[in-house]
Amino acid sequence: MEIKLEEIFQEKIDQEIKIEPRDWMPEKYRKTLLRQISQHAHSEIVGMLPEGNWITRAPNLRRKVALLAKVQDEAGHGLYLYSAAETLGMSRDEMLEELHSGKAKYSSIFNYPTLTWADMGAIGWLVDGAAIMNQVPLCRTSYGPYARAMVRVCKEESFHQRQGYEIMLTLSKGTEAQKAMAQDALNRWWWPSIMMFGPNDDNSPNSAQSMKWKIKRFSNDELRQKFVDVTVAQTEILGLTIPDKDLKWNAERGHYDFGTINWDEFFQVVAGNGPCNKQRLKARVDAWENGAWVREAASAYAEKREAKVKNQIEAA
Ligand code: BYC
């Protein structure tokens with residue numbers, strides 16, 4: 001019976017029919033999606049922290065408004081994604097419990113510090129740029145609620161990418177000190193950004209099954225390569241240098257070759273030992289604990305309203 005259901009399920013996937021919350025799905029498909037979508041949601045929420053750190057220090061009102069809007073958008077992305085994940089049968093509180101206890105992962109990139117204003121440029125340009133590369137194909141992912149959430153997320157991400165690139169452009173055309181600041185941000189964010197795509201394909205335990213189920217449409221290495229290829233030209237316009245001496249156009253492959261990623265650093269960051277992991281998690285746990293009174297007040301208000309409506313119905 002189970003085998004037959006799995007066959008029908010795979011046929012639907014092969015025919016590009018979206019899987020919806022009430023459809024039958026293999027338990028492993030549900031768990032894989034729950035893992036990926038909840039981690040994605042956590043990344044959006046934790047991702048607010050490094051940039052939120054600069055809202056009060058943005059150099060002028062226009063920059064402040066744009067950065068504020070971007071950080072707010074990330075909160076919205078987290079909320080759509082938690083809602084999409086909830087359709088797979090886990091409550092938001094349970095997902096947050098997994099984040100706070102350190103059981104659930106979130107993107108490695110958000111465990112690096114934001115040291116200067118140029119980091120706001122580099123994050124928008126590179127981190128949101130990498131996110132777009134990964135997330136545009138997710139608009140066609142096989143699970144309906146995730147695919148639909150990603151459509152809006154991607155539209156907003158492209159505003160974020162332009163916002164970051166424009167900061168980099170302004171700095172790189174500015175004074176020597178501003179250009180140096182932009183280069184320094186690129187030096188620090190380049191490698192962590194290309195790590196965002198995850199381990200190499202031959203070291204990515206989830207990829208084969210996720211590709212078969214069309215959760216993922218491209219492998220980690222394919223997306224990383226696409227990102228490097230488009231980013232080189234953008235860097236040239238900025239007049240900056242990507243910090244990789246092995247970066248070179250390979251005419252035979254029709255792609256840029258690039259140097260070896262420090263996978264030891266990546267796995268250390270993913271394991272909780274990056275420069276800011278503890279600080280990021282503490283900020284989220286503190287926010288959850290300090291917000292307890294808001295959740296209690298909202299529940300008490302909802303109960304009171306429900307009782308009032310019930311009384312009115314009974315009295316009528
Ligand atoms: N960081 O088998 P693999 C944003 C884990 S938010 C940490 O290739 P998979 C933004 C992976 O989870 C950006 N962990 O896994 C927000 C797995 O461990 P588990 C977030 C990573 O799932 C605010 C193990 O390594 N984007 O853009 O097939 C401001 C083996 O990997 C990472 C998403 O979440 C990493 N970088 O592929 C600005 C996109 N990479 O779970 C911007 C959706 C891998 O088995 N997610 N791991 O214990 C995906 O597309 C996929 O989950 C990944 C990984 C490509 C990330």
**Message:** I need the shape label for segment 109-248. Rule: rounded when a/c is under 1.5, else prolate if a/b > b/c, else oblate, with a, b, c from the alpha carbon gyration tensor.
**Reply:** prolate
**Asked** How much accessible surface does residue 93 have with a 1.4 Å probe, in Å² rounded to 10?
**Response** 90
**Request:** Quick one: angle between helix 292-315 and the longest Cα principal axis of the chain, in degrees between 0 and 90, rounded to 10, please.
**Result:** 30
**Message:** Over the Cα atoms of segment 213-254, each weighted equally, I'd like the Debye log10 I(q)/I(0) at q = 0.19, 0.25, 0.30 Å⁻¹, rounded to two decimals.
**Reply:** -0.69, -0.97, -1.16
**segment 113-141 versus segment 277-316: alpha-carbon centroid distance in Å** = 33
**Request:** Using a 10 Å cut-off on Cβ atoms, rank the peptides 34-46, 50-62, 136-148 from the highest mean neighbour count down.
**Result:** 34-46, 136-148, 50-62
**Complete:** Tilt, helix 61-86 to longest principal axis of the chain (alpha-carbon atoms), in degrees rounded to tens, equals 50
**Message:** Could you tell me the calculated FRET efficiency between residue 292 and residue 60, based on Cβ-Cβ distance and R0 = 35 angstrom, to the nearest 0.05?
**Reply:** 0.40
**Request:** Keeping all protein chains in position, work out how much accessible area residue 48 exposes to a 1.4 Å probe, and write it in Å² to the nearest 10.
**Result:** 50
**Request:** Multiply the residue gap between residue 151 and residue 4 by 0.36 nm, knock off their C-alpha separation, and tell me the result in nm, one decimal place.
**Result:** 49.7 nm
**Asked** Could you give the angle, 0 to 90 degrees to the nearest 10, between helix 220-238's Cα long axis and the longest principal axis of the Cα atoms of the chain?
**Response** 50
**Request:** Can you tell me the FRET efficiency between residue 166 and residue 12 if r is taken as the Cβ-Cβ distance and R0 is 45 Å, rounded to the nearest 0.05?
**Result:** 0.55
**Fill in**
For the pair residue 22 and residue 212, the simple spin-label estimate (label points 7 Å beyond Cα toward Cβ) gives in nm 2.9
**Prompt:** How much FRET efficiency would the formula 1/(1 + (r/R0)^6) give for residue 255 and residue 31, where r is the Cβ-Cβ distance and R0 is 35 Å, rounded to 0.05?
**Reply:** 0.55
**Complete:** Computed, not fitted: 222 nm per-residue ellipticity of the chain from DSSP H runs ≥ 4 (each -39500 (n - 2.57)), nearest 500, equal to -21000 deg cm²/dmol
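The values are calculated or read from the model by the stated rules, or taken from the named source; none is laboratory data. The model shown is predicted, which means the values in this text are computed figures rather than measured ones. Here the Cβ is made from the backbone with ideal geometry for all residues, glycine too, and neighbour counts use every protein chain on show. With ligands, DNA and RNA removed, areas are computed over all heavy atoms of the protein, side chains included. Shrake-Rupley method; radii C 1.70, N 1.55, O 1.52, S 1.80 Å.
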